[in-house]
Amino acid sequence: MIRAIRKNALALGAAAVFCVAILSLVNQQTAPRISEQLLASKLAILSEVLPGVDASQSLLQDCLLVTNEALLGRTTAQAVYRWRQNGELAGFIVETTAPNGYSGNIDLIVALTPDGTILGSRVLDHKETPGLGDKIEARRSPWIFSFSGKTVTDDNASKWAVRKDGGDFDQFTGATITPRAVIQAVRNAALLIQQQPELADIPANCAL
């Protein structure tokens, strides 16, 4: 009886080791492909927020990891890319998060000039309600384009809100929380660039 139990235990152990080995092999084979897909997806989005700019992998080489929970929405570091033309700083691409979406975090990317003027913005990931909150996606609605060309000043700070709250931006019928969260996140990305001019000179530390 004991011998049979030991035999079964050894068989189960061997099977477990075999399964772990197979999973490890599959992970090694698929990880590069997943990484390539994520890179391609990020470059495609960068091409949208920086029209006319060659969004190649070299654009991602001049990258900073920045931790600022108040302005970037996470306790962990977010990526900030520096876009250059003829060797001169032409703008920043900020990855940021709206932590107060209706259904949780809304991850965004915002392109800005060195003075904080917004060139473009896109949603990277969210879990907002289909048919309501998902209008923050460019493929669902042109709403996300309403930030382009805007900046944040002392005079217009109160206008960075939905119209229902006295601001300049449309809300969605039945989904006011979602646009409020995105407006705040985009505004905060502009404030980050305005308030941290040292980002222009810090050595890159997260190149892909």
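Being among the small types (Gly, Ala, Ser) and either in a helix (DSSP H, G or I) or in contact with a helix residue (DSSP H, G or I) (Cβ under 6 Å, 6 or more places away or on another chain) (or both) is a condition met by no residue of segment 103-110.
Can you tell me which residue among 194, 184 is in contact with an Asp or Glu (Cβ under 9 Å, 6 or more places away or on another chain), part of a helix (DSSP H, G or I) and either buried (at least 17 other Cβ atoms within 10 Å of the Cβ) or not aromatic (Phe, Trp, Tyr) (or both)? Of 194, 184, the one residue that is in contact with an Asp or Glu (Cβ under 9 Å, 6 or more places away or on another chain), part of a helix (DSSP H, G or I) and either buried (at least 17 other Cβ atoms within 10 Å of the Cβ) or not aromatic (Phe, Trp, Tyr) (or both) is 194.
The set of residues in segment 174-185 that are within 15 Å of residue 141 (Cβ to Cβ) and touching a residue at least 40 places away in the same chain (Cβ under 8 Å) comprises 174, 175, 178, 179, 182. Residues that are under 14 Å from the mean Cα position of the chain (by Cα) and more than 17 Å from residue 48 (Cβ to Cβ) were ranked within segment 80-100; the one that is modelled with the lowest pLDDT is 80. Restricting segment 186-198 to residues that are touching a residue at least 40 places away in the same chain (Cβ under 8 Å) and under 18 Å from the mean Cα position of the chain (by Cα), the residue that is nearest to residue 88 (Cα to Cα) is 193. Across segment 137-148, the number of residues qualifying as assigned to a loop (DSSP other than H, G, I, E, B) and either more than 20 Å from the chain's Cα centre (by Cα) or farther than 18 Å from residue 190 by Cβ (or both) comes to 5.
The numbered conditions (1) closer than 20 Å to residue 73 by Cα; (2) among the hydrophobic types (A, V, I, L, M, F, W, C); (3) at pLDDT 90 or above are all true for residue 119 except (1). For residue 168, the conditions (1) over 20 Å from the mean Cα position of the chain (by Cα); (2) crowded, with 21+ Cβ neighbours inside 10 Å; (3) not basic (Lys, Arg) all hold with the exception of (2).
Considering segment 118-160, the residues that are touching a residue at least 12 places away in the same chain (Cβ under 8 Å) and of a type in the set (Asp, Glu) include one that is surrounded by the most Cβ atoms within 10 Å (Cβ to Cβ), namely 128.
The values are calculated or read from the model by the stated rules, or taken from the named source; none is laboratory data. These numbers come from a predicted model, not from an experiment. Counting neighbours? That spans all protein chains shown, and the Cβs are built from the backbone with ideal geometry, glycine included.
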